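A short worksheet on the structure shown next.
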């Protein structure tokens, strides 16, 4: 939960109102800075209902620091510093298993469920747009959001590198067939092996990609290289795991 930098008497009444009006999880910081120029809406992502990603929505740890995922949050509004990330991550996997395209209108956040939608306003120039959150970060200093190159370009922060922003959670309407969409969205990730030999992990990843044509990635944890396959739709993942166990990967298993 965000610790709000305000005196006790300033937040006591809002806190009582929040407890009385809703039992849903909420993260809110009252605005303290207003845009210096009139608001200008620029083309961004279009919010739509999406089931939670099968990966990337569990509490995690980075550089020894634990982070909690705000699953079930219904309101979030705060101000802080946003940065952007691009070429060094382009084509790599995001935290929810998608391939990162630096020109998509997306963002990384440390705590919001994946995917989520945020309205981001550059408080220096008044530009604002909606981004889709599909990754984790930033993990540098007190930054609250990492924007894709495409989003940062439209908000006008590429040159400066960072900007003071207002962010607000956008909740797309929940369709009547939401439960059906969630069921169809089920996907699985397979852990194929864990080794301290990075060359072996890369070689196996290349062999599996060539043989089965499925996405793979190497995750490093405590100097152990774990080879993950997927995420894949549940039926495809189950068939693949059966084949892998029937070959030389008897220790393969589902991560989720």
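Any read-out appearing in this document is the output of simple, stated calculations on the displayed coordinates, not a laboratory observation. Everything numeric in this text was worked out from a predicted model, so none of it was measured. For neighbour counting, all protein chains shown are included, and Cβ atoms are generated from backbone atoms with ideal geometry for every residue, glycine included.
What shape does segment 77-218 take by its C-alpha gyration tensor, where a ≥ b ≥ c are the square roots of the eigenvalues and a/c under 1.5 counts as rounded, a/b above b/c as prolate, and the rest as oblate?
Values: a/c = 2.54, a/b = 1.47, b/c = 1.72.
Note, shape of segment 77-218 comes out oblate.
Test of understanding: ordering 242, 49 by Cβ neighbours within 10 Å, fewest first, what list do you get?
On the way: 242 10, 49 13.
In increasing order of surrounding Cβ atoms, one gets 242, 49.
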In what order do 104, 142 fall by count of nearby beta-carbon atoms within 10 Å, going from fewest to most? 142, 104
How far apart, in nm, are two points set 7 Å out from the Cα along the Cα-to-Cβ line at residue 140 and at residue 99? 2.6 nm
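Taking square-rooted eigenvalues a ≥ b ≥ c of the alpha carbon gyration tensor, is segment 140-256 rounded, prolate or oblate, where a/c under 1.5 means rounded and, failing that, a/b exceeding b/c means prolate?
Details: a/c = 2.88, a/b = 1.48, b/c = 1.95.
It is oblate, given that a/c is not under 1.5 and a/b is not larger than b/c.
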Mind computing the radius of gyration and Dmax over the alpha-carbon atoms of segment 55-145? Å is fine for both. 13.0, 37
Label-point separation, residue 42 to residue 177 (7 Å along Cα→Cβ), nm: 3.6 nm
Segment 24-170: relative contact order from alpha carbon pairs under 8 Å, six or more residues apart, as a whole percent, is 33 percent
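When a footprinting reagent is the concern and you count Cβ atoms within 10 Å, what order do 223, 154 take, fewest first?
Details: 223 7, 154 21.
Arranged by neighbour count, lowest to highest, 223, 154 become 223, 154.
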